[in-house]
1. Which entries in LYS62/LYS111; LYS62/LYS127; LYS73/LYS127; LYS73/LYS196 show an alpha-carbon gap greater than 22 Å?
2. What whole-number distance in Å separates the alpha-carbon centres of the range 119-142 and the range 158-210?
3. What is the percent carbon and sulfur in the accessible area of the chain, measuring with a 1.4 Å probe over the protein chains and ignoring ligands?
4. Please report the net charge: other residues with Cβ closer than 14 Å to the Cβ of PRO187, K and R +1, D and E -1.
5. With a 1.4 Å probe and every protein chain left in place, tell me how much accessible area SER38 has, in Å² to the nearest 10.
6. Want the number for ARG86 to GLU130: 0.36 nm per residue separation, take away the alpha-carbon distance, what's left?
7. Hey, if we sort ASP117, ASP135 by accessible area with the 1.4 Å probe, largest down, what's the order?
8. Where in the chain are the helices, taken as whole DSSP H runs, whose Cα atoms extend 27 angstrom or more along the long axis and whose Kyte-Doolittle mean reaches at least -1.0?
Amino acid sequence: MPTKQRKKPSKRVQPADSDAQRIVEAARAHFFSHGFRSVTMDDLAAALGISKKTLYVHFPDKIALLEAVLADKFAGLEAKLNEIARAYPHDFPAALHELLAGTQRELDEIKPPFVRDMRQKAPEVFKTVERRRADLIERFFGRLFVEGQRTGMVRNDLPPKLMIEILLAAVQAIVNPAKVEELGLTPKTGFASVVKVVLEGALTRKGRKI
């Protein structure tokens, strides 16, 4: 097994202004836990000890702030996935385990009230989430499937591109606000279930032993 490479600290794409980043971090904690409908700009200003006017200097409305929160979330997730890819370039079992664990840790932050509010109040913003999510799945799981085939842990009779398309279609169908709410899931449990089903069909007998 190759020697584990030293991991570099995550680097997030941050707003240029440190006050803007403080606002994003506070909004992220409140939005993901309580939903963004019930969290007002007054609430955030009070929590940060700033005026609402200062808040609006950086973000003209709550949707703009929501978009900044999601951009921050995706930047952090992509940095973590890049760290895993660098740390385990030729270790399929370790990369698979870390990729799934890291993704689920990130999704665990998002609670049902936020999912509900995305469905009811910001469906257009969720379309951006779907595009970013699809890009990350295609890049990181695509590499993983190729490496899995090289090591005999992923079936060679299925093209990696086809497996990715199946995974993307399943994630889009299940891990969206309407469906997770209907099924009583969270983004974390929905994603984990979809990946488990796809992997069980893609892994060889050797791969299932990891």
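1. Values: LYS62/LYS111 19 Å; LYS62/LYS127 17 Å; LYS73/LYS127 15 Å; LYS73/LYS196 24 Å.
Going by Cα-Cα distance, LYS73/LYS196 fall outside the 22 Å limit.
2. 15 Å
3. Numbers: 6350 of 11350 Å².
Percent of accessible area from carbon and sulfur atoms in the chain: 56.
4. Working: positive: LYS73, ARG105, LYS111, ARG116, ARG119, ARG132, ARG133, LYS179, LYS188; negative: GLU106, ASP108, GLU109, ASP117, GLU130, GLU181, GLU182.
Cβ neighbours under 14 Å give a net charge of +2.
5. 70 Å²
6. This chain segment gains 13.3 nm when fully extended.
7. Details: ASP117 0, ASP135 70 Å².
Descending accessible area places them as ASP135, ASP117.
8. On the way: long enough: 62-87 (38 Å, 0.52).
Once both thresholds are applied, what remains is 62-87.
The values are calculated or read from the model by the stated rules, or taken from the named source; none is laboratory data. Note that the coordinates shown come from a computational prediction; the quantities given were computed from them, not determined experimentally. Don't worry about glycine lacking a Cβ; one is built from the backbone with ideal geometry, like all the others, and counts go over all protein chains shown. Surface accessibility is based on the protein's heavy atoms, side chains included, excluding ligands, DNA and RNA. Shrake-Rupley method; radii C 1.70, N 1.55, O 1.52, S 1.80 Å.
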